Structures are given as C-alpha cells and as structure tokens.
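The structure under discussion appears below in the form of structure tokens.
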Amino acid sequence: MSTKAIYEATGKKLLNKYLDSTAAECRCVDVDADTNWNELIDKNRWLENERLVVKPDQLIKRRGKLGLIRGDVSLQGAKDFIVETLGKEISIGHTTGKLKHFIIEPYLEHNKADEMYICIYSNRDGEIILFHHEGGIDVGDVDSKALKYTIVIDDAFNVNKMEETLLKNIPAVRRSHLSAFITKLFQVYMELQFTYLEINPLVVTTNTVYILDLASRLDQTAEYLCASKWGQIVFPPPFGRDAFPEEAYIAELDAKSGASLKLTVLNPKGRVWTMVAGGGASVIYSDTICDMGFASELANYGEYSGAPSEQQTYEYAKTILSLIFKEKNPDGKILIIGGGIANFTNVAATFKGIVKALREHREHLVEHKISIFVRRAGPNYQEGLRVMREVGATLGVPVHVFGAETHMTAIVGMALGKRPIAPPEQAELTTANFLLPTSGSKSEVQAVSNNGSSPTTKVNDDERKYNLGRPLFSNTTKAIVWGMQTKAVQGMLDFDHVCRRTQPSVVAMIYPFTGDHKQKFYWGHDEILLPCYKNMADCMKRHPEADVLINFASLRSAYESTMETLKYPQIRSIAIVAEGIPEQLTRRMIRLANTNDVSLIGPATVGGLKAGCFKIGHTGGMLDNILMSKLYRPGSVAYVSRSGGMSNELNNIICRNSDGVYEGIAIGGDRYPGTTFTDHIYRYEDDPEAKLIVLLGEVGGIEEYHICEAIKSKRITKPLVAWCIGTCASMFTSEVQFGHAGSHADNDRETAVAKNKALREAGAYVPNSFDELGDLIHMVFENLVQSGQITPKPDVLPPSVPMDYDWARELGLIRKPASFMTSIVDDRGQELLYAGMPITDVIKEDVGIGGVLSLLWFRKRLPKYATEFLEMTLMVTADHGPAVSGAHNTIVCARAGKDLVSCLASGLLTIGDRFGGALDNAAKQFSEAFDAGLHPADFVNKMRKEGKLLMGIGHRVKSLNNPDMRVVLLKQFAKQHFPATPLLDYALEVEKITVSKKPNLILNVDGCIGVVMVDLLRHCGCFTLEEATEFIENGALNGLFVLGRSIGFIGHFLDQKRLRQGLYRHPWDDISYILPEAM
C-alpha cells in the first residue's frame, strides 16, 4: 500500500527534527514490555523531574474520551499506569486488542482557550489544511466547523492567503508565530511525503506552539526518496491485530522482489485460508467468504501477483501452510488457492512453487484434514492445473481443481458447502488454436469512432471537463513503448494480427540505456524490425503519427519519463504500468496531463484494450485467452475497473454472458489514478457502439458517488451494471489494507457496502455479490436484445497466428534436440546447482574448493580426504618461482602492459609435456605398466628400449639427497588417509631403480600427483575402473596443474603491476648470436 500510519512518537520525532524553532520540542519516549526502565531514565533525565502524560501509542483514535490518557502524573504514576494496562485486553467498537505500546511525554499546564485544532490531508488535487481556533477532545465535527485552505498540487504556498483564510479568529499576539508554524508544518508535510497529519490539541500560547496529540500517515512508496530523512521507520499494525513474524517475513520477500507478495493474519485459529493471485481477486475471494457467513472463520488476507518466481511462490505457500498447521480444528480446514485470469504470469511456474510446498507438507495436510480448492487461468494454466491435479492424487487429501470455464468464486461456495462440488468442466481447447490454419472472411473488423463535442458536466457541484469526442483507441492507433519490453510488444503485434489490422500498432520503442538500434519482431508469419531509440525527442520527431505512449519504466523512472512525454503534443494517451510511484509525483503527472488534455491510464495498471482494435501491453493476456474471450472483434459491453487482473476476468465473464467486450480499461489500483471511472463511463455513454456499461469499483475513495449523481441527473442513461469489491472490510474486527493502495476506507461512506447501496438506489444494476455478477450481466444483456436495443455482434473467424517457439516449448507442444548438454551445473532455477547440490548447501556444509572440484569435475561428492588432497594439490602446484617458462611468459607479458587474461593465457600456453603437463602421461605410463603386471625393472627397461622418457621421473634441482618437500607431503598424506596406494607403491619401486643410476631421477611432483590421483580415483569407492581411466584419458589430472598454477601466474601478474616494472628486453650478453659467414 502507499499511505501507512506511524506511531505518534515516530511522528513527533520527525517533526522535532525538521520544524526547527517554530514549535516547542516534542520530548517523548516509547515504552513497551521490553523497555529497560533504568536505561530509559538514564538517557531521559527529564522523566524524573517533570510531571508527565502517558497514553497508549497504537493508532487508537479518541484516547481521551476512552479514558486511555493519564495526565499530570509523576514517573511512578506513569509506571503504575503502564503496569496496570500493559497486556490488558480492551474493546473499542467491534475491535478487541491488547495494549502493548505506550508514549510518555511532559505534561503541559495550559488553558483550555489555548487549545486549537489543525489537520493537513491530501486529495487528488492537492493538500487541504483544516484549522479551528478551538480544539481538544470536545472539538466535535471539525469538517463542518474548521476553516479550510486548499493548496493545489505544485502551486506555491501563499502565506498571506493562508492567514486570511485560517487565522481570522486568532488574536494578533499569537498570529505571527502560529503562521510561521503552519507554514513550516506544511513544508515538512510535503518534504517528508506525509499524506495525513492531525494535531489535536495544538496548544498556542503567546510565545510558542506545543504539539500535544498527533496522528499521521506517510506515503510508504516514497521511502526511496525519503529514507535518509525518515531514518528507520516502523509501520505498526492497526489496533486489534498482532504483528506476526510470518507477516514480516513475507513483507521482507515483497521488498526484495519485483512481484507483489502480501499477507495479513486475521484469525490464526480460523478454518478458511486463502492463497490468491491478484490484488483485486484477493479482495473478491475474501468478500465471497464473508458474504457466505464465514467472516469469523476467515484466517488471512493476502495476495501474490506480478509474475513471482517458482521459489517466491514456494516461500509464500510454505509460510501460509506453516500458519495453517499451528493449530488443529476437529472439523478440518480449507485452503482456497484462487485467482482470476492472469495477464502475463506463467500460472504453471507459480503453481510449481505451491506444489513443492504441498508435497513437503503432505503428512501435515493429512493430519490437519485440509481440503484444497483450486481455480486459476491465464498463460500456461492448463499445465498448471494438470500439475495440481497430479499432486492432488498423491497428497491424500481432497484437491478440487478448476479453470477458466468455472466462475472465479464458484469454488468458495463449494469449499464452504454452499453448493455441490461440480466435476471440472471440459475447457475450451484454445491454447494452440492459433497454430491451426483458418479460413473465412478476410474482411477487417472496423472500429467505430465518434466525433462529438466536449460537454461540460456538473457532478457534485464540481465542474469537470472531458474530451468525449475523441476515442482513446481505434484500429489505426499507433503507439510508442518506453522500455525494453519485447514480450509485451510481441503480444500487441499478435493481437493486431488476430484483429486483422493492416499495420502494427507499435511503431517504435524508447530505451535510454542503449544506443539507437532495431529490434526484431514477428508480424504474423513474417519478421519485421522496429526502431528502438535512446532519445525520446528523436523518436517523437521520426514518428509523428504515434499518439499513445505505453510506459514500462520502473517506479523510480516512471515520473521523469512521463513528464518528458507530456512535452510532446502528439501524445494524447499515456499508460503507466509501474506500481509504487509516490503520490505527490502521481498527482503532478495528473495535473499536467489534465492541463495538456492527455488521458493518463494508471499508474499501477495493466492498461486496457479496445476489442478488435488495440491493446496496451499485456492486457488481455496470451492469445489463447484473447481467442477464448473473443477480444479479436468488438462486442457491445464496455467496462472499467481498477484491477488489471480482474479486467481479464471481466473479459471472460462478459464474453460468456453477452456478445463480448467493446472496450475495457483498468484505471489502476493507486489512490489517485490518472483517469477516473467517470472519465471512461462518460466516454462509453457517448459512444453509440457501447450498449451496456460494467463498473467494477472498490472500497476506498468516493468516485462511485460521482457515478450515482450522473445517473440521477441523466448524464448516464445507458444500463450500468456495477459492483464494488471489498464488502468484507466492514466485517473485519481490525483495519485491513487490501492489495491495491486505494483500497482503504477512511470513513463509512467509502466502504464497499455503502457504495453498492448508493449505486443500487441511484438506478444501477447491482448484484448481491460478485458471484452473481455474470448472471446479472446476462440478464440485462438479454433484456436489451429482446427490446431491440442491441443486435448481438456476429462472431468472426480470426486469422491464424504462429506460436512463438519458446512458448510452444513451455507448453510442451514441441520438442527439439538441445544444441548443448550439461550434467554438472543448473542455473535455471531460483538457486544455482553444482551437480545437483544447491549453492547454499555448498557454502553451509563447507565443502571447500576441493568439494567444488569434486562436484564440477567428477560429478560426485568425494570423501573428505579426497577433497583435502585436491586442495593440497592446488597449493603445492600454485607456483614454482619466476624462472619456469609459464611464470616467465606471464611476467614478460605483464611488463608489456597487457591485461590479466592475456598474461594468464600467455603463461598457460607453455604448459605441456616439458612443463607441468606430465601428470596425465605419468599416470597413464605407470598405471598401464602396473595393470600389465610388469616388474618395476622390466618397466624401466621397456621404456629405455622404446626410447621413451619416464614421465614423472626426474628433477632439474631436487635429488635423493635434496628431496622435494612437496612430494614428501603428498606421499605422507596419501599413505595416512587413502584406503590403498598400490600405484604409488609401484612408482616408488621404480624410483629406487632410477635413482641408482642418477640421484636426481626421483619421482617428481607431477609424477607423484599423477599416480596418487589414480589411486584416489580407483579406490575411493566412487568410480569404476573404466570411469577412473576415462578421467585420466580426458586430461583431468593436467587440469589440476593448470588450475593450481593459474594462482601463481595471477600472482606474478599482480606483482609486476605492483612493482611497476617496465617493458622487458632480454640482454644481448645472454644471447648467443650465431650467424652464417659473410657471403
């Protein structure tokens, strides 16, 4: 959500920091069950010396009237009050909770006449300051009493006007410093991104201003802008609901993810648990559960959306299951895994995470008698439902699975025993329909446009102007896409093709992080190139025909890119997809868009579409859903909703209960959408092709009341079917913030129940629940057909559109031999795997470098002694001084100014039979002789007769009397830890023969590593003789030398750079020049 309440103490500390000298310092301390009183007093000595006020700090309103404030007490009196009330359960209205958090501050002796009231709050158009010269607990209805000063967003704060408006009843002796305080308070309000700030009472004396009671809210989405100003902010849960660690864990996951993950525990002992995809759908499922009389049994509210990964949905599902299993219920429990029709989320991928969690908790599911009901649709949903059905057959608990053919909330009635559990209906086979050739008329589906005037309508005494003559989209609309969203663009082009457009709707892309280039896309069967520009000005100049911009910029970039777009008059509509844009920035965009007569869709939206003409980004989902919902040709029903996910569900509902969608817009879930319900419904009212209007409203805000007034005033005359989701909110005992930032009622008038009632009384068609929405649309549509007001649009056969290869493979429709194969590593999942071992386990179990080598080179978890030997090998081969050929080459290359990789490659290229590459050959020679049963003397004689060197025997410096300590250490380790060392023993017998001829013909480090590695591979119990031989044949042993010596080569490179050595030139006196005699 965006706007979140904070503790009173937190708000006062922020004001202390930024109000400067315009108000007296707000000294206060927090107290809870964990407070160390001695430490608290040591840091705040004023607690011992002054009279105090103590009260709960838990977002409780009207504490004074509830008797929850103890004033004019000593420190001991404050302690006594806290001891008396800490942990005490109290009821405030329908909400019951425990007092856990308190604030203590100095008691201010003052006159009642000094108490005043001030409140600053934000709305769509700007900020409003309410001020009343009388305050305190008996202030009464401030909305009717208080003076009001409005500051339009981005307008300057006019001090003189503020004083004239608000301070007319304030004596002159207090007006000056009160004016300075209000001016500074407003500045702080804006700079710190407050959305609500109320002080009551505000005590104003002849000298200064004192802040007594404070209630405030911050725009949480502005954290990236205000983190340094806010410091560490804790957003407490509302009174009556405890904060659960599971909620904090999901909030942490959400913060780290580009997806949306939300969880609120309502009743940990409840029987009915939900795991719902989509912000709008999650509210509707909660509504339906409560409507059916199970509000007291609803255990949680939550949602996952925005294409979470398999691992993220696994963590989310695992967390909810852990909550379900905390307590048993003799009647068992119900888990509803629901959702609407996804626009772009891969349903199968998210379900795999849920399935993994269900499998891991199979025994607990049976033990707690869990019944599971599943309903989902969207991209790849058939595969997701198949996987869910398969796991359902193995869990040992009832699992009922349904798809798009079943109404979204039908599973709620089945789960709660309100309707029989239906067998799954046969789904329409649309997933691969666009692979098949089609025949039929090739005539284009023509979009209908209007040319009307721009009337001015008065709604609730507020003059609003709407450009109703211009349709947002047509079958010739051209769009520019901001962002490298190739999947979204391809989806738009496929929609264009299936709608029989003659030209693509996307003419260009803007992506400031690369240079100008071309991007390849498909137009039906053909490949086309679309230009991608780094600079927006260049794009606009070269594509003046484009009048729509679809902005996929992130929440941090969306404001700047949208404001830049608004400089170009050719753009008449902008869709902003990003969620989480700070409200101040959103309102600035809205104001400029209204000034420029630009339609702003969003933020936080999937967009919208006009059937048979144009769609924004991912709207409407994949082609299978577009075909199923018949969005390739216009119908007669136009809708508007907040939720993007629910807009796709509306496409499905409308298609099944009428002749289909004419146009649909999701205005976005934020508190201040760029365009409103009224804007779009007025367009539909004036469009003769839109015969029936559907509104899906929400709890929060008052926009639906404008619709009521318009119906009553006959501004809206077409049949309107309306439903506001969030009816469950009034049934909860504590405040719940739903998935959308705007889904929050600040008063009874903003509740979904009140809105539905007002819409019904105004003359709209309002169902009893969302469950009945489709039936009501069907009834109204049929009545319009019977009365002759609608002639159902004929269906047409869409042209075939090839399926992308990647998606066809994802759906399991095709297969193809892989170009590469790997059996050692997998980087496709949430976590990297080494030979099947997760990287976290590699680190946690401290397998070391040797263990990583065993996994990646040998595909086995070798014994500890084996991995230690591998590490020892790397250590002893890491370097042998600067004189050897590899190090010498590296040094010369480094002194020539080359980079690290070039220098390393120069050194590595010298490795071969003469330098460092003897490991493999030594292993082969010794093992072949040993396996053939040759006596060591016979082996030596055989090699001499064949004129071959004994690889691994001999050293330039070391000898029998000056042994190589590296070899000594390796032999000792092998003898001490290996199960058997027959080849090492054989090599040592050979050494006895060779040193008798010359003392430096010892078993060198290459030979020792080679024969010991053969013993390791053959006798560690992990490999067959054939496998061990294959590793040697493939050069694995030389790999040890290469890897180890690379460490030394890199060391020499860094050493030369550190010493700043210049270009190397070999001295003449070290070169023997032998030239032919002069001719």
Exercise for the section: Take the Cα of D931, step 7 Å along the line toward its Cβ, and report every residue of region 981-1007 whose backbone nitrogen sits under 19 Å from that point. Expected result: 981-988, 1007
Practice task
Please turn the phi angles of region 186-194 into ³J(HN,Hα) values with the Karplus equation 6.51 cos²θ - 1.76 cosθ + 1.60 (θ = phi - 60°), one per residue in order, whole Hz, x for glycine and proline.
Solution key: 5, 4, 5, 3, 6, 5, 8, 6, 5
Handout entry: Probe 1.4 Å - accessible area at H1052, Å² to nearest ten
Key = 20
Practice task
Take T85, T1029 and sort them by solvent-accessible surface of the protein heavy atoms, 1.4 Å probe, largest at the top.
Solution key: T1029, T85
Handout entry: Helix-only [θ]222 nm of the chain, DSSP H runs n ≥ 4, -39500 (n - 2.57) each, per residue, nearest 500
Key = -11500 deg cm²/dmol
Problem - Relative contact order (percent, whole number), the chain, Cα cutoff 8 Å, 6+ residue spacing - result: 8
Problem - Positive-end residue, region 138-259 charge dipole about Cα centroid, Cβ charges, pick of Y249, T165, V139 - result: T165
Exercise for the section: Go through region 469-567 and name the chymotrypsin sites (Phe, Trp or Tyr not before Pro) that are in a DSSP coil and have 16 or fewer other Cβ atoms within 10 Å of their Cβ. Expected result: F513
Practice task
Please find the FRET efficiency linking K112 to N16, where r is the Cβ-Cβ separation and R0 is fixed at 22 Å, and quote it to the nearest 0.05.
Solution key: 0.30
Practice task
Sticking with the crude label model, points 7 Å out along Cα→Cβ, report the distance from N169 to E831 in nm, one decimal please.
Solution key: 6.5
Handout entry: Stokes-Einstein translational diffusion, region 634-794 - Kirkwood Rh over all Cα pairs, 1.002 mPa s, 20 °C, in µm²/s
Key = 136
Exercise for the section: Please report how far the C-alpha centroid of region 168-220 lies from that of region 148-162, rounded to the nearest whole angstrom. Expected result: 15
Exercise for the section: Determine, at each q value in 0.13, 0.15, 0.17 (inverse angstroms), the log₁₀ of I(q)/I(0) that the Debye formula gives when each Cα of region 862-1059 is one equal point scatterer. Expected result: -0.71, -0.92, -1.12
Practice task
Enumerate by residue number the trypsin sites (Lys or Arg not before Pro) in region 1-91 meeting two conditions: DSSP loop (anything except H, G, I, E, B), and at most 12 other Cβ atoms within 10 Å of the site's Cβ.
Solution key: R45, K61, R62, K65, K88
Problem - Neighbour cut-off at most 10 other Cβ (10 Å), DSSP loop, chymotrypsin sites (Phe, Trp or Tyr not before Pro), region 307-408 - result: none
Completion exercise
Cα convex hull volume per residue for region 3-230, in Å³, equals 141
Problem - Nearest-10 value in Å² for the accessible area of K100, using the 1.4 Å probe - result: 90
Exercise for the section: Please report how far the C-alpha centroid of region 321-344 lies from that of region 841-885, rounded to the nearest whole angstrom. Expected result: 47
Completion exercise
Given a 1.4 Å probe, the accessible area of the chain per residue, as a whole number of Å², is 44
Handout entry: Whole-Hz couplings from phi, Karplus 6.51/-1.76/1.60, listed for region 234-244; x for Gly and Pro
Key = 9, 9, x, x, x, 4, x, 9, 6, 8, 9
Handout entry: Accessible surface of the chain, 1.4 Å probe, proportion on carbon and sulfur as whole %
Key = 51
Exercise for the section: For K998 and K942, calculate 0.36 nm times their separation in residues minus their Cα-Cα distance, and state this gained length in nm to one decimal. Expected result: 18.3 nm
Problem - Accessible-area order (highest first, 1.4 angstrom probe) of the listed residues D920, D899 - result: D899, D920
Fill in the blank from the handout: By accessible area (1.4 Å), largest first, I151, I69 order as I69, I151
Handout entry: Extended-chain gain in nm, criterion 0.36 nm per residue less alpha-carbon gap, Q972 and K757
Key = 68.6 nm
Exercise for the section: Mind giving me the FRET efficiency for L813 and A422? R0 is 30 Å, r the Cβ-Cβ distance, nearest 0.05 is fine. Expected result: 0.55
Exercise for the section: Report the label-to-label distance for V234 and D154 in nanometres (one decimal), using points 7 Å from each Cα along the Cα→Cβ vector. Expected result: 3.9
Handout entry: region 3-230, relative contact order in percent, only Cα pairs under 8 angstrom and at least six apart counted
Key = 25
Practice task
Compute, for H517, the solvent-accessible surface of its heavy atoms (probe 1.4 Å) with the complete set of protein chains present, and express it in square angstrom to the nearest 10.
Solution key: 60
Fill in the blank from the handout: Label model pair R859, H1019: point-to-point distance (7 angstrom along the Cα→beta-carbon line) in nm is 2.6
Completion exercise
In this structure, the FRET efficiency calculated for T205 and E48 from their beta-carbon separation, with R0 = 35 Å, to the nearest 0.05, is 0.90
Practice task
Could you please report the charge total around V884, scoring K, R as +1 and D, E as -1 over all other residues with beta-carbon less than 11 angstrom from its beta-carbon?
Solution key: +2
Completion exercise
Once the mean of 1/r over all distinct C-alpha pairs in region 245-419 is inverted, the Kirkwood radius in Å reads 15.7
Exercise for the section: Considering Cα pairs under 8 angstrom that are at least six residues apart, work out the relative contact order of region 471-622 and quote it in whole percent. Expected result: 25
Problem - Where N is the number of residues in the chain, Cα Rg divided by 2.2 N^0.38 Å - result: 1.20
Exercise for the section: May I ask you to compute the full-extension gain from T476 to N1034, defined as 0.36 nm times their residue separation minus their alpha-carbon distance, rounded to one decimal in nm? Expected result: 194.6 nm
Problem - region 65-127 versus region 604-680: alpha-carbon centroid distance in Å - result: 47
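The values are calculated or read from the model by the stated rules, or taken from the named source; none is laboratory data. Since this is a predicted model, take the numbers as computed values, not measurements. All Cβ positions, even for glycine, are placed from backbone atoms using ideal geometry, and neighbour counts span all protein chains on display. Protein only, heavy atoms only, side chains kept; ligands, DNA and RNA dropped before computing areas. Shrake-Rupley method; radii C 1.70, N 1.55, O 1.52, S 1.80 Å.
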